[in-house]
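Only one structure is covered here, and it is reproduced in the block below.
Nothing in this text is a laboratory measurement; each read-out follows from the coordinates by a stated rule. Because the structure is a prediction, the values reported are computed rather than measured. With ideal geometry, Cβ positions are generated from the backbone for all residues, glycine too; neighbour counts draw on all protein chains shown.
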Amino acid sequence: MSGTEAQGPRLRPTLDGIPTYKPGKPASADSYKLSSNENPYEPLPGVLEAALAAAGSFNRYPDMATTELTAELAARFGVPAEHVATGTGSVSVAQSLVLSTAGPGDEVIFAWRSFEAYPIITQVAGATPVPVPLTAGEAHDLETMLAAITDRTRLIFVCNPNNPTGVAIHRGELERFLDAVPSDILVVLDEAYREFIRDAAVPDGIGIYRDRPNVCVLRTFSKAYGLAGLRVGFAIAHEPVATALRKTAIPFGVSQLAQDAAVASLRAEDALLVRVEALVEERTRVAAALAEQGWALADSQANFVWLRLGDRTMDFAEACARAGVIVRPFPGEGVRVTIGEVAANDIFLATAEAFRKEL
Ligand code: PMP
């Protein structure tokens with residue numbers, strides 16, 4: 001019996017400083033969930049059928065190379081199949097990107113507040129997060145992000161449009177930024193909400209990455225395509241980066257259900273984009289109503305809106321919960337509210353109106 005017997009296993013000290021990822025609260029029978037930027041529509045019948053057909057063989061491992069999905073994505077975006085790397089949701093692809101570029105002593109720059117996984121996956125890799133505050137207009141401060149680059153910087157996340165503020169970067173500003181970033185630093189354009197953009201000045205990252213070997217685009221099937229529960233995301237990147245992603249990904253991370261549903265979704269894209277259009281129309285309606293109520297709102301190009309509420313954040317989130325909608329509070333900062341079903345959006349708007357009058 002040694003004296004160390006009572007000690008548990010030694011865990012990496014770096015984990016002490018890392019919060020666990022906090023998912024939005026699940027919906028209950030008497031509430032709508034507007035806290036995780038999900039798609040409120042149920043799966044299309046054809047997509048559901050494809051997933052159910054794959055379920056019959058889940059005693060087998062999936063196709064590890066995601067061959068059919070990769071080919072379908074390559075054709076859809078006009079890129080070589082070698083440039084496509086898939087993963088268990090885009091968050092796992094983002095993690096693979098960090099693991100591929102950064103380790104202890106290295107730095108990863110991102111705007112803050114932005115997608116909450118960025119600091120977590122950076123620290124899990126042992127690297128140092130470098131958060132750069134958003135501008136007063138809730139946008140990326142690209143000048144300050146450039147100034148934050150050091151010779152230890154290995155990766156920069158640019159979330160376009162930004163989660164949770166919804167603000168998107170325009171072409172000229174993004175291109176000037178990319179021109180100024182040293183070419184040995186990987187820039188990840190996280191376009192999880194790409195399909196909801198209606199501002200023509202916001203560039204498509206896939207057009208941008210082509211001539212820039214240090215730029216990679218991150219996309220997901222979780223939002224516009226409505227496959228959040230199946231976990232499929234992908235990156236479009238030049239070959240060295242895409243190859244690194246295949247090395248750092250969890251083997252067999254995308255189930256056959258997910259692969260087949262994603263392929264079926266790409267084939268049913270027209271029907272899915274009609275739903276996206278309806279959500280964008282709802283976004284326009286919600287934003288106009290909030291402005292009418294007197295809220296100062298940043299222009300959201302995503303499937304959510306952001307209310308900066310400061311120290312009233314939790315009060316607002318609780319008022320929403322009492323009214324039957326679960327929203328996503330960031331204590332002391334603000335509330336992010338997903339655009340959902342019309343009835344859910346109406347409850348949110350009524351709560352916002354009542355709350356506004358009290359302010
Ligand atoms: N990037 C951004 C900006 C997100 O908001 C999210 C989901 N909240 C993700 C990536 C990850 O999505 P998923 O893992 O479901 O593809």
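A few notes on this one:
- Two-site FRET efficiency, Ala323 against Glu42, from Cβ-Cβ distance with R₀ of 25 Å, rounded to 0.05: 0.55
- For the chain, calculated [θ]222 nm from helices alone, where every DSSP H run of n ≥ 4 adds -39500 (n - 2.57): -12000 deg cm²/dmol
- Percent of Cα pairs exceeding the 37 Å cut-off, where the set is the chain: 20 percent
- The magnitude of the dipole of region 146-239, with charges of +1 and -1 set on the Cβ of Lys/Arg and Asp/Glu and taken from the Cα centre, is near 280 debye.
- Summed residue charge, Cβ within 10 Å of Tyr225's Cβ, Lys/Arg positive, Asp/Glu negative: +1
- Extension gain, Ala291 to Glu277, is 2.9 nm, computed as 0.36 nm per intervening residue step minus the present C-alpha separation.
- Remark: for residue pairs Lys22/Lys223; Lys22/Lys247; Lys33/Lys223, the C-alpha separation exceeds 26 Å in Lys22/Lys247.
- When +1 charges are put on Lys and Arg Cβ atoms and -1 charges on Asp and Glu Cβ atoms, the dipole computed for region 45-267 relative to its Cα centre reaches about 420 debye.
- Enclosing the Cα atoms of region 86-212 in their convex hull gives a volume equal to 104 cubic angstrom per residue.
- Partner aspartates and glutamates whose Cα lies under 15 Å from the Cα of Lys357, excluding those fewer than 8 positions away in the same chain, are identified as Glu292, Asp315.
- Listed peptides 260-272, 201-213, 49-61, 181-193 appear in the order 181-193, 260-272, 201-213, 49-61 once ranked by packing, highest mean of other Cβ atoms within 10 Å at the front.
- Test item: Cα-centred dipole of region 25-95, Lys/Arg +1 and Asp/Glu -1 on Cβ, debye: 180 debye
- Highest-fluctuation residue, Pro329, Pro19, Pro119 considered, GNM on the chain with Cα pairs under 10 Å: Pro19
- Reducing region 326-348 and region 34-53 to their Cα centroids gives an inter-centroid distance of 21 Å.
- Approximating the spin labels as points 7 Å out from Cα along Cα→Cβ, the Glu116-to-Ala6 distance works out to 3.5 nm.
- Efficiency of FRET between Ile250 and Lys357 - r from beta-carbon atoms, R0 56 angstrom, step 0.05: 0.65
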